[in-house]
Each structure stands twice: as structure tokens, then as C-alpha cells.
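Peer 1: One structure, pasted below without further comment.
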2 protein chains.
Amino acid sequence: MSGQRTARRILGIDPGSVKTGFGVIEVSGSQAIYVASGVIQAGTGAFAARLHTIFTGLTAVIAEHEATESAVEEVFVNRNVQSALKLGQARGAAICACAGGGLAVHEYSARAVKQALVGRGGADKSQVGYMVRATLGLQGTLREDAADALAVALAHTQHDRLDARIASGAAR
Amino acid sequence: MSGQRTARRILGIDPGSVKTGFGVIEVSGSQAIYVASGVIQAGTGAFAARLHTIFTGLTAVIAEHEATESAVEEVFVNRNVQSALKLGQARGAAICACAGGGLAVHEYSARAVKQALVGRGGADKSQVGYMVRATLGLQGTLREDAADALAVALAHTQHDRLDARIASGAAR
């Protein structure tokens, strides 16, 4: 860990009450470099303990990998209200960990993430996973929750670049 | 703050993404004594900041009033999925604060809270507020979110007593 890091490190999160995926990338110029990814297993025990595991797990990830900002997928829950409530609680724990670590939290819809990575909002998960591995030059497989977390982190870097192009008048 | 507190202090919480009510009571024998109550205003700004306000606010309440356990109303959301998601996130932040403070988190349905306080699961809010004030010997008015938080804390003490009666064979 360097004491004077100035590079941007984005923590992407795919929250869930059983498994929470995370992925950290470093932004260097127009390049995104893979730093770390994984899945926090919150298990199936008491719900409060699961939320605490998500919170403490992400707090540790933020400290270890020196994340400077975070990106979380906006949730579109088409299932029932009880699922939304569970997912909401997991998401609340994850966002608290980011805010507690001083990270700004950016939110992107699943559609925006797919659009950014694959160029098509209706792309399927396997295409997203493929583009995550290709963009970051990763070999082998990635666990799905980790790939989703890296995807939202990558979408955030593209969003930033788009903002910069718009600001400079390069986009029309 | 005493260094060697052994009394039980229950933190009741009524989580919400705009306002989160809290109430702390101390259990002394069969008596419940009012310690503190209030409302954490999370405001209407960025959602992540609101969740962080709930988390840090409750963390401060737990430390200041030396809560030893917590009780939260189970949510029954009959509205839409987006409301459930928002409320779930607020609840996740609240439960993280409790778990982070080492407090066990107990959950009670709204019906169980009303049953415990008023003797009738279908009681209305004003009756619950009246019984909270009567049980704790409070004068004047209580803000609704604070009253709801104290109500779930009181319901938890009654639940404990019922458990004790069942264990001792006094209940049938």
C-alpha cells in the first residue's frame, strides 16, 4: 500500500443477500487495469449477521485495495416485494460500507452497463462476461457475481470518458 | 457513561429512508424505563449519503446510550417494489449499525408489536402511541417515528418475559 496513491481505483459491486460480487479496477489514462475481484459469501444464517458480513467484507476490500470511488448496479426487481426488501437491505449494507470509506457511490442501470460494455442494452450475461475478460485482458473464467461487479466498474469509467468528451465538445 | 454497565438497554428502531425513529429503554426487573428517543433525519439528498446518515446516527445512539440489544419492526410492504427497495436499504443501514455495535437484532411484525402493547394485533397507531407513553410514564407528545421505535423495544421486553414464563411452565 502506498501512502500517496493518486490513481483512481473503482470498486464495482453486485450486491445480494447471499453473495455479493466485487471488482476493483485502476484507471490509468484511457486504460482500465484489473486489481482484484471476488465474491463475499454472506451465507444463509441470521439476516443481520449476513448484512454485517457484507458491510465488513466490503470495508476490508476498500481498505486493502485502496478504492477511491464506487459503482453499483441500479436494481430493477421484477420479482416480488419480499425479494426487493432483501436485496434492498444487502444493497444498503454495501452502500454504507462505501460511504463509510469516503467513496462516492455512482449508480448505473443494468441496461447502461450492457450498453457501455457490449454496445447493446439487451446483451446477455455471457457477452458481458466476455467483454469484461477481454477489456481487462483476463484469462480463464470469472465468477458471475465478480464479473458483474467488474462490469459496473468498467461502465463507470466509460461514463466518465463520455462526460469528458461532451465537456470538450468532441461528442455530438 | 459507566464502564461496567450490566443493565439491559434495548434500542428499538423504526427505519425509513427519510426519517428513522429510535427509542432506548432500560429493563429493570419487570419495569421498562425510558432512556432516550428521537428521529434521525436522513433528508432528501443523495441516497448513499442518506444511508450513511442512518448508519452513523444509529452508531452514535448505540454508543451514547450504551444499548445492549436491538429490536426492529419486520416490514410488511404492501406498496410497490421500488418502495420496498428503498425501505430495505434504510433497514440494511440500520441493521449494519446494530451488528457493528455488537447488538443482537430481534425482529417483530407490526402485528406482534400491537398485540404486545395493546393486546390486539389490529390496534391503530394512536392506541400504540398512548400505550407507549402510559407504559413509560411519559408526559406530552412523542414524534410518531420515535413512538413506533419505543413500541418495538417494549414489545421485545414482553416477548422475553413470555419466553421466561413458558420456560418456567407458567404459561399454557
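Peer 1: Can you work out the FRET efficiency for the pair A:THR56 and A:GLU144, with r the C-beta to C-beta distance and R0 = 22 Å, to the nearest 0.05?
Peer 2: The value I calculate is 0.45.
Peer 1: Keeping all protein chains in the complex and leaving out DNA, RNA and ligands, what accessible area do you get for B:ARG91 with a 1.4 Å probe, in Å² to the nearest 10?
Peer 2: Probe radius 1.4 Å; accessible area of B:ARG91 about 10 Å².
Peer 1: For the pair B and A, how large is the buried accessible area, both sides, in square angstrom to the nearest 100, if the probe is 1.4 Å?
Peer 2: 1900
Peer 1: Here's another thing I want to ask about it. Mind running the shape call on the protein assembly as shown? Use the C-alpha gyration tensor, a ≥ b ≥ c as the square roots of the eigenvalues: rounded below 1.5 for a/c, prolate if a/b tops b/c, oblate otherwise.
Peer 2: prolate
Peer 1: Then there is this: Treating only the Cβ atoms of Lys and Arg (+1) and Asp and Glu (-1) as charged, compute the dipole magnitude of chain A about its Cα centre; round to the nearest 20 debye.
Peer 2: 300
Peer 1: Can you give the accessible area per residue of chain A, in Å², using a 1.4 Å probe?
Peer 2: Heavy-atom accessible area per residue stands at 47 Å².
Peer 1: One decimal, nm, shortest first: give the distances between the label point of B:GLY137 and those of the same position in the other copies, each label point 7 Å from Cα along Cα→Cβ.
Peer 2: 7.3
Peer 1: Can you divide the C-alpha Rg of region A:8-170 by 2.2 N^0.38 Å and report the result to two decimal places?
Peer 2: 1.00
Peer 1: Among B:LEU87, B:ALA97, B:VAL118, which residue has its Cα furthest toward the positive end of the charge dipole of chain B, with +1 on Lys/Arg Cβ and -1 on Asp/Glu Cβ?
Peer 2: B:VAL118
Peer 1: Can you tell me the length gained on complete extension of the stretch A:GLN41 to A:SER83, counting 0.36 nm per residue apart and subtracting the Cα distance?
Peer 2: 13.3 nm
Peer 1: Here's another thing I want to ask about it. Distances in nm, one decimal, shortest first, from B:ILE33 to the same residue in every other copy, taking the label point 7 angstrom along Cα→Cβ.
Peer 2: 6.0
Peer 1: Here is the link list: A:LYS19/B:LYS114; A:LYS114/B:LYS19; A:LYS86/B:LYS114. Which ones come out longer than 28 Å on Cα distance?
Peer 2: A:LYS19/B:LYS114; A:LYS114/B:LYS19, as the Cα separations exceed 28 Å there.
Peer 1: What distance in nm lies between label points placed 7 Å from Cα along the C-beta direction at B:ILE33 and B:ALA134?
Peer 2: 2.3
Peer 1: In terms of Cα to Cα distance under 20 Å, which aspartates and glutamates are near enough to A:LYS125, apart from those fewer than 8 places away along the same chain?
Peer 2: Answer for A:LYS125, where 20 Å is the Cα cut-off: A:ASP14, A:GLU73, A:GLU74, A:GLU107, A:GLU144, A:ASP145, A:ASP148, listed by chain and number.
Peer 1: Considering only protein heavy atoms and a probe of 1.4 Å, how much of the accessible area of chain B is carbon and sulfur, as a whole percent?
Peer 2: 50
Peer 1: GNM on chain A, C-alpha springs below 10 Å: top fluctuator among A:LYS114, A:LYS125, A:LYS19?
Peer 2: A:LYS125
Peer 1: Can you give me the C-alpha center-to-center distance between region B:69-131 and region B:1-61, rounded to a whole angstrom?
Peer 2: Using only Cα atoms to place each centre, the spacing works out to 13 Å.
Peer 1: Also, I was wondering about something else. What is the sum of charges, Lys and Arg at +1 and Asp and Glu at -1, for the other residues whose Cβ falls under 9 Å from the Cβ of A:GLY122?
Peer 2: So the environment of A:GLY122 carries a net charge of +2.
Peer 1: Continuing with this model, one more query. In debye, nearest 20, what is the charge dipole magnitude of the protein assembly as shown about its Cα centre with +1 on Lys and Arg Cβ and -1 on Asp and Glu Cβ, if you could check?
Peer 2: 580
Peer 1: So how much accessible area does B:PHE22 have, in Å² to the nearest 10, using a 1.4 Å probe?
Peer 2: Around 20 Å² of this residue is reachable by solvent.
Peer 1: In peptide A:53-61, how many Cβ atoms from other protein chains are near each Cβ within 10 Å, on average?
Peer 2: Mean shielding by partner chains, rounded to a whole number: 2.
Peer 1: I would also like to ask the following. To the nearest 10 degrees, how steeply does helix B:81-100 sit against the main Cα axis of chain B, on a 0 to 90 scale?
Peer 2: Compared with the principal axis, the helix lies near 60 degrees.
The values are calculated or read from the model by the stated rules, or taken from the named source; none is laboratory data. Every value quoted in this text rests on a predicted model; they were computed, and no experiment measured them. FYI the Cβ positions are ideal-geometry reconstructions off the backbone, even for glycines, and counts take in every protein chain you see. Accessible surface areas use protein heavy atoms only, side chains included; no ligands, DNA or RNA. Shrake-Rupley method; radii C 1.70, N 1.55, O 1.52, S 1.80 Å.
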